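Novice: Shown below is the structure under consideration.
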Amino acid sequence: MPELAAPDYLVARFLLERGLAAIYIVAFVVALRQFPALAGEDGLEPAPEFLRLVPRFLDAPTMFRWTGYSDSLLRAVSVAGIVVGLSLLLGVAQAGPLPITMFAWFVLWALYQSIVNVGGTFYGFGWETLLLEAGFLAIFLGNAETAPPWPVLLAFRWLAFRVEFGAGLIKLRGDRCWRDLTCMDFHHETQPMPNPLSWFFHHLPRPLHRIETVGNFAAQLVLPFGLFLPQPFGSIAAVLMILTQLYLVVSGNYAWLNWVTIVAMTAAIADPVARFVLPALQLPSVAAQLPLWFATLVVLLAVVIVLLSWFPVRNLLSPNQAMNRSFDPFRLVNTYGAFGSVSRVRDEVVLEGTLDQDPGPESEWREYGFKGKPGDVRRLPAQVAPYHLRLDWLMWFLPLSPRYGDGWFVAFIVKLLQGDRATLALLGPNPFRDGPPRWVRARLFRYRFTSWQELRTTGAWWSRTPIGEFLRPIGLRGDERDPLEDGDEADA
């Protein structure tokens, strides 16, 4: 068997392992804090109901099929993921025998796969699949005594290539504004969740927005090929691509999408290049050869990746390219893409409640705030990434099409009417501290970033204009739990 060790990529492995461990920890913390309210036993899309409707294991692989789902078990799984993630972040698991290190990575991957596959709509984001694919590759990175296998490093580069090249192609084939270099005139304002610097990026001169777009195409359609070049060119391509990802990090909130992509790119950074930049860098010595059993597993992994890559490659070459898609039940090799189209305007669903028995024109409606999504026009957009506010993200999708709320939005309104503490914990300050409202409604507003002059004059980061009703007032039927639409008698 040819030698598979890559002893000149210890820095790359360190960055891969520590980066993925940190992201896993964030992902499990998000699950611990949000999953029960979103998809728990009494959540907006209950996982037990999902398991009943999707009974086959391969349709949604998860340990909860064998154990049954409960919120207490979900919390235990999340805590276990955090503990194992910390052991890998601190290098404790890597200091043990190779099978122990591999088992630690496998546990993280299996536990998070189990959570994602019962999370329904709230776990339907592309970066869940991205983390699972990267996390599976991490199982084969080796421990502190072995050199990283070069096929695994190559697989990480192949992952980074698909993320970037897929995103570039979907833009090139998608919205016309990418081709005429105008998309960035709108994107910073209309992206799902702006951050504290998005307002300033939006107000860059238009020539700089054109440069942003050209730079995006260079980073996504040209530089990815550089990941496979000999050194030092591979490292240079990786660093340039990492810088473009960091530009996205400082201009918006995309959960851990950018961070997993950055981590995958570090697989192309060679130790000699790292030593050239940091001459004082000291690296440990590792075994020059891999154990036979481990090398055999690495070869089998490479074969599986090559075979499963057929579908993503076919998708990349297709004029009907899908943006984010998995082709196997365990999400081992997938296709990725982002922002094939860009909204020109930003519409937001604003939720309001009232204590009035019979709402009328004079009723006082109090607005619910969210932790991340725009609401109060004077509030500076928050920095939340790599943390993921799942409810806030789905609220951004609602104005694009109400179907994004199928199965959970009305249930969310009912929870507000019930004053459900777990649901309210997902939001900002509760405007009804003394008891839930009698009625809740949803209105649609058109948001735009204020100008420099408006900001100086009003102190507001946003300007908003009401444009219509999204959901007419809903109340509860007396002491029952059934929703009651406006027009019926409140105590029926």
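Yes/no per residue for (1) small (Gly, Ala, Ser); (2) touching a helix residue (DSSP H, G or I) at 6+ places or on another chain (Cβ under 9 Å); (3) in a helix (DSSP H, G or I):
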position	(1), (2), (3)
LEU58	no, no, yes
TYR69	no, yes, no
ARG75	no, yes, yes
SER78	yes, yes, yes
GLY81	yes, yes, yes
VAL84	no, yes, yes
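Novice: If I go through segment 375-405 residue by residue, how many of them are in contact with a Leu (Cβ under 7 Å, 6 or more places away or on another chain), assigned to a helix (DSSP H, G or I) and either more than 19 Å from GLY120 (Cβ to Cβ) or open to solvent by less than 30 Å² (accessible area, probe 1.4 Å) (or both)?
Specialist: Kept after step one, since they are in contact with a Leu (Cβ under 7 Å, 6 or more places away or on another chain), are these residues of segment 375-405: 390-391, 399, 404-405.
Now narrow it down to the ones that are assigned to a helix (DSSP H, G or I): 390-391, 404-405.
Narrowing further to those that are either more than 19 Å from GLY120 (Cβ to Cβ) or open to solvent by less than 30 Å² (accessible area, probe 1.4 Å) (or both): 390-391, 405.
Of the residues in segment 375-405, 3 are in contact with a Leu (Cβ under 7 Å, 6 or more places away or on another chain), assigned to a helix (DSSP H, G or I) and either more than 19 Å from GLY120 (Cβ to Cβ) or open to solvent by less than 30 Å² (accessible area, probe 1.4 Å) (or both).
Novice: Consider SER78 against the criteria (1) within 30 Å of VAL273 (Cβ to Cβ); (2) touching a residue at least 40 places away in the same chain (Cβ under 8 Å); (3) surrounded by 17 or more Cβ atoms within 10 Å (Cβ to Cβ): it satisfies all of them except one. Which criterion is unmet?
Specialist: (1)
Novice: On to the next question. Return the residue satisfying two criteria in turn: it lies in segment 455-478 and is at pLDDT 95 or above and in a loop (DSSP other than H, G, I, E, B), and of such residues it is surrounded by the most Cβ atoms within 10 Å (Cβ to Cβ).
Specialist: Among them, the one singled out is TRP461.
Novice: Please determine whether any residue of segment 413-423 is surrounded by 20 or more Cβ atoms within 10 Å (Cβ to Cβ), assigned to a loop (DSSP other than H, G, I, E, B) and either out of contact with any Gly (no Cβ under 7 Å at 6 or more places or on another chain) or of a type in the set (Gly, Ala, Ser) (or both).
Specialist: No: segment 413-423 contains no residue that is surrounded by 20 or more Cβ atoms within 10 Å (Cβ to Cβ), assigned to a loop (DSSP other than H, G, I, E, B) and either out of contact with any Gly (no Cβ under 7 Å at 6 or more places or on another chain) or of a type in the set (Gly, Ala, Ser) (or both).
Novice: Kindly evaluate TYR69 against the criterion of being among the hydroxyl-bearing types (Ser, Thr, Tyr) and open to solvent by 10 Å² or more (accessible area, probe 1.4 Å). Steps first, answer last, please.
Specialist: Details: among the hydroxyl-bearing types (Ser, Thr, Tyr): yes; open to solvent by 10 Å² or more (accessible area, probe 1.4 Å): yes.
The answer is yes for TYR69.
Novice: Continuing with this model, one more query. Filter segment 130-156 down to the residues that are among the charged types (D, E, K, R) and in a helix (DSSP H, G or I) and list them by number. Walk me through how you get there before you give the answer.
Specialist: From segment 130-156, those among the charged types (D, E, K, R) are 133, 145; that's our starting set.
Hit for segment 130-156 is GLU133, nothing else.
Novice: Would segment 163-177 turn up any residue that is aromatic (Phe, Trp, Tyr), over 18 Å from the mean Cα position of the chain (by Cα), part of a loop (DSSP other than H, G, I, E, B) and at pLDDT 95 or above? Spell out the reasoning first.
Specialist: Our first condition is that a residue be aromatic (Phe, Trp, Tyr); within segment 163-177, this holds for 165.
Now drop any that are not over 18 Å from the mean Cα position of the chain (by Cα), which leaves 165.
Next, only the ones that are part of a loop (DSSP other than H, G, I, E, B) stay: none.
The answer is no; no qualifying residue exists.
Novice: SER72 passes all but one of (1) free of Cβ contacts under 8 Å to residues at least 24 places away in the same chain; (2) under 28 Å from GLU145 (Cβ atoms); (3) among the polar types (S, T, N, Q); which number fails?
Specialist: Result: SER72 passes all but (2).
Novice: Considering segment 331-343 alone, what residues qualify as being closer than 30 Å to ALA411 by Cα and either open to solvent by 30 Å² or more (accessible area, probe 1.4 Å) or in contact with a strand residue (DSSP E or B) (Cβ under 7 Å, 6 or more places away or on another chain) (or both)?
Specialist: Our first condition is that a residue be closer than 30 Å to ALA411 by Cα; within segment 331-343, this holds for 331, 338-339, 341-343.
Passing the criteria: ARG331, PHE339, SER341, SER343.
Novice: Continuing with this model, one more query. Just give me the residues in segment 210-260 being out of contact with any helix residue (DSSP H, G or I) (no Cβ under 7 Å at 6 or more places or on another chain), open to solvent by less than 50 Å² (accessible area, probe 1.4 Å) and assigned to a helix (DSSP H, G or I), in sequence order.
Specialist: Listed by number, the residues that qualify are ASN216, ALA218.
Novice: Something else: Return yes or no: is GLY372 under 30 Å from LEU169 (Cβ atoms) and either touching a helix residue (DSSP H, G or I) at 6+ places or on another chain (Cβ under 6 Å) or assigned to a loop (DSSP other than H, G, I, E, B) (or both)? Give the steps one after another, and end with the answer.
Specialist: Details: under 30 Å from LEU169 (Cβ atoms): yes; either touching a helix residue (DSSP H, G or I) at 6+ places or on another chain (Cβ under 6 Å) or assigned to a loop (DSSP other than H, G, I, E, B) (or both): yes.
Taking the combined requirement at face value, the residue satisfies it.
Novice: Taking into account only those residues within segment 432-449 that are over 20 Å from ASP406 (Cα atoms) and touching a helix residue (DSSP H, G or I) at 6+ places or on another chain (Cβ under 7 Å), which is most open to solvent (accessible area, probe 1.4 Å)?
Specialist: For segment 432-449, the residue satisfying everything is ARG448.
Novice: Only one residue in PHE140, PHE106 is open to solvent by 10 Å² or more (accessible area, probe 1.4 Å), in contact with a Pro (Cβ under 7 Å, 6 or more places away or on another chain) and in contact (Cβ under 8 Å) with a residue 12 or more places away in the chain. Which one? Break it down stepwise before answering.
Specialist: Working: PHE106 fails: in contact with a Pro (Cβ under 7 Å, 6 or more places away or on another chain).
Within the list PHE140, PHE106, the selection yields PHE140.
Novice: Are any of the residues in segment 339-350 on the phi > 0 side of the Ramachandran plot and in contact (Cβ under 8 Å) with a residue 60 or more places away in the chain? Spell out the reasoning first.
Specialist: If we filter segment 339-350 for residues that are on the phi > 0 side of the Ramachandran plot, which is where we start, we get 339.
From what is left, the residues that are in contact (Cβ under 8 Å) with a residue 60 or more places away in the chain are 339.
Yes: one or more hits.
The values are calculated or read from the model by the stated rules, or taken from the named source; none is laboratory data. Since the structure is predicted, the reported quantities are computational estimates derived from the model, not experimental observations. Counting neighbours? That spans all protein chains shown, and the Cβs are built from the backbone with ideal geometry, glycine included. Keep in mind that these areas ignore ligands, DNA and RNA; they rest on the heavy atoms of the full protein, side chains included. Shrake-Rupley method; radii C 1.70, N 1.55, O 1.52, S 1.80 Å.
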